[in-house]
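Undergrad: Just dropping this structure here.
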Amino acid sequence: MLKSIILAAGKGTRMKSDRPKVLHTIFDKTLLGYVIEAVNNTGIAEENYVIVGHQSETVKEYLERNYSGTKTVLQMPQLGTGHAVSLVVPHLKDYTGEVIILCGDTPLITSDTIKEFVGFHRSSKADLTVMSAIQENPTNYGRIVRNSDDMLEAIVEEKDANAEQKNIKEINAGIYCLNWGKLSNAFLSLSNDNAQGEYYLTDIVKWAVNSGLKSCVYILKNNEEVFGINSKENLAQATRYLNDRIIKKHLINGVTIIDPLTTWISPDTEIEADTVIYPSCYIEGKNKIGKNCKIGPFAHIRGGVVLEDNVKIGNFVEVKKSVIKSDTNACHLTYIGDSEIGSNVNIGAGTITANYEPLSKIKSKTVIKDNVKIGSNSVLVAPVTINESANIGALSVITKDIPKNSLAITRSPLQIIADWVVKKTKKI
């Protein structure tokens, strides 16, 4: 088991936003959330420390609400990445195991890569292991400098690198694994004698080498995994990278995706084989979609949705926090929220489950039992239950529970005024 330290104190000036950088989202999950979950999902991390700074209270509240086991350490003022990690030293004064250090703005890192990285560190019997990547254009990255034995000698930041070092294409990926018992003292002796006047985390390499500790480099296989977010452009790029990864996984697993370029699927959505996703669909949050379903085109699934087998969610249909059982259709222009819908139900075009009361801000549940037929342009005002095999006439507003096998209709009687157009025209 090991502990993690996640750097999340920066302001993210280039994001041009009042929101802390690490709380920007991809598919409704924060950048920081992706990193924490990648660490947690390895199954080898027992404790996470998140370094907070800019809008620290906002970040702490987010962590307490979503990742209650995570501890926070305040960095104020922010004097560099080495300074950030040094603030954890008092919290781990009696700890001698392994620590992994990551950045909170790299949401594409995977659990598999973290496990492989830690495994490499252990099998190499290293005291310090740095993750690197090969970049054809290494500008602005810290360079990995190796010695004659091909072992790690130093990491040199771009602003401090000489001409020869700037030609090195192996760059620091910003993730470290170290034996804390041997390297924790390094953080108490860092210097800020550099172009930035900051305490660099990278300087622990020099300390480890000078102390005779074994320092190794693990070369990352997929550079996208350490793509850092510094701007809204980066955020859009990372979203595309992540979505492409997810789309590929579903295609391999037997899901038909008609147009991958216009389809967006969150990493927390499960989809079974032979389901078809039509163009221009957006599926966010955590959902479970069964076999032989048809989604879209232009459908929006917002999270907390379970679709059993053979469900059809058609064009311009929005679904959130609902369970829809097998062989049910909602084909056109419909909103389904906070609902439980049975099997073999047909929901007509333009149907709305009115689940939100704006004054009390209470969301209530709509229950539709098996074999119900809902006519077009109906409004079901929750809380309400439509019992088995009931029919709702088109244009109805339903505010009471409907017994099984009943017809419910609130439509005004049709009036036909003969020759109305002729009479009206004569008056004009």
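Undergrad: Do the conditions hold for Glu46, that is, is it touching a Cys at 6+ places or on another chain (Cβ under 9 Å) and under 22 Å from Thr129 (Cβ atoms)?
TA: no
Undergrad: Shifting gears a bit: So which residues in segment 213-252 are more than 21 Å from Tyr282 (Cβ to Cβ), open to solvent by 50 Å² or more (accessible area, probe 1.4 Å) and of a type in the set (D, E, K, R)?
TA: If the condition is that a residue be more than 21 Å from Tyr282 (Cβ to Cβ), open to solvent by 50 Å² or more (accessible area, probe 1.4 Å) and of a type in the set (D, E, K, R), then Lys214, Lys221, Glu224 are the ones that fit.
Undergrad: State the number of residues belonging to segment 279-334 that are basic (Lys, Arg) and more than 24 Å from Val379 (Cβ to Cβ).
TA: Number satisfying all stated conditions: 4.
Undergrad: Working carefully through the options Ser322, Ser343, find the one that is of a type in the set (S, T, N, Q) and open to solvent by less than 20 Å² (accessible area, probe 1.4 Å).
TA: Result: Ser322 is the single residue among Ser322, Ser343 that is of a type in the set (S, T, N, Q) and open to solvent by less than 20 Å² (accessible area, probe 1.4 Å).
Undergrad: Criterion first (under 26 Å from Arg245 (Cα atoms) and without any contact (Cβ under 8 Å) to a residue 40 or more places away in the chain) does Leu23 satisfy it?
TA: Yes; evaluated as a whole, the condition is true for this residue.
Undergrad: Another question, if that's okay. When residues of segment 163-181 are filtered for being touching a strand residue (DSSP E or B) at 6+ places or on another chain (Cβ under 8 Å) and open to solvent by 10 Å² or more (accessible area, probe 1.4 Å), how many remain?
TA: Of the residues in segment 163-181, 9 are touching a strand residue (DSSP E or B) at 6+ places or on another chain (Cβ under 8 Å) and open to solvent by 10 Å² or more (accessible area, probe 1.4 Å).
Undergrad: Read through the list (1) under 21 Å from Lys3 (Cα atoms); (2) surrounded by 12 or more Cβ atoms within 10 Å (Cβ to Cβ), then give the number of the only condition that Gly142 fails.
TA: (1)
Undergrad: From the residues in segment 118-148 that are of a type in the set (S, T, N, Q) and assigned to a strand (DSSP E or B), which one is nearest to the chain's Cα centre (by Cα)?
TA: Per the criteria, the residue is Ser132.
Undergrad: Let me ask something else. Limited to segment 410-424, what total is found for residues that are open to solvent by less than 100 Å² (accessible area, probe 1.4 Å) and within 30 Å of Leu380 (Cβ to Cβ)?
TA: Qualifying residue count for the region: 2.
Undergrad: Within segment 380-390, identify whether any single residue is under 29 Å from Ile289 (Cα atoms), more than 39 Å from the chain's Cα centre (by Cα) and surrounded by 18 or more Cβ atoms within 10 Å (Cβ to Cβ), and answer yes or no.
TA: yes
Undergrad: Would it be correct to say that Val89 is within 16 Å of Glu170 (Cβ to Cβ) and not polar (S, T, N, Q)?
TA: Spelling it out, it is not the case that Val89 is within 16 Å of Glu170 (Cβ to Cβ) and not polar (S, T, N, Q).
Undergrad: Of the residues that make up segment 257-265, is at least one surrounded by 17 or more Cβ atoms within 10 Å (Cβ to Cβ) and over 21 Å from Leu333 (Cα atoms)?
TA: yes
Undergrad: Additional query: Is there a residue in segment 355-366 that is closer than 22 Å to Gly314 by Cβ, assigned to a loop (DSSP other than H, G, I, E, B) and not hydrophobic (A, V, I, L, M, F, W, C)?
TA: yes
Undergrad: Kindly indicate whether Lys29 is out of contact with any strand residue (DSSP E or B) (no Cβ under 9 Å at 6 or more places or on another chain) and not polar (S, T, N, Q).
TA: Yes; evaluated as a whole, the condition is true for this residue.
Undergrad: When you scan segment 335-357, how many residues do you find that are over 15 Å from Val379 (Cβ atoms) and not acidic (Asp, Glu)?
TA: Matching residues across segment 335-357 total 6.
Undergrad: Further question on the same structure: Would you confirm, using the coordinates I've provided, whether Asp28 is at positive phi and touching a residue at least 60 places away in the same chain (Cβ under 8 Å)?
TA: Against the criterion (at positive phi and touching a residue at least 60 places away in the same chain (Cβ under 8 Å)), Asp28 qualifies.
Undergrad: A further question follows. Scan segment 301-315 and tell me whether some residue there is open to solvent by 10 Å² or more (accessible area, probe 1.4 Å), of a type in the set (Asp, Glu), under 20 Å from Asn253 (Cβ atoms) and part of a loop (DSSP other than H, G, I, E, B).
TA: Checked segment 301-315: at least one residue is open to solvent by 10 Å² or more (accessible area, probe 1.4 Å), of a type in the set (Asp, Glu), under 20 Å from Asn253 (Cβ atoms) and part of a loop (DSSP other than H, G, I, E, B).
The values are calculated or read from the model by the stated rules, or taken from the named source; none is laboratory data. What you see is a predicted model; the values in this text were computed from it and never measured. Don't worry about glycine lacking a Cβ; one is built from the backbone with ideal geometry, like all the others, and counts go over all protein chains shown. SASA here: full protein model, heavy atoms, side chains in, ligands and nucleic acids out. Shrake-Rupley method; radii C 1.70, N 1.55, O 1.52, S 1.80 Å.
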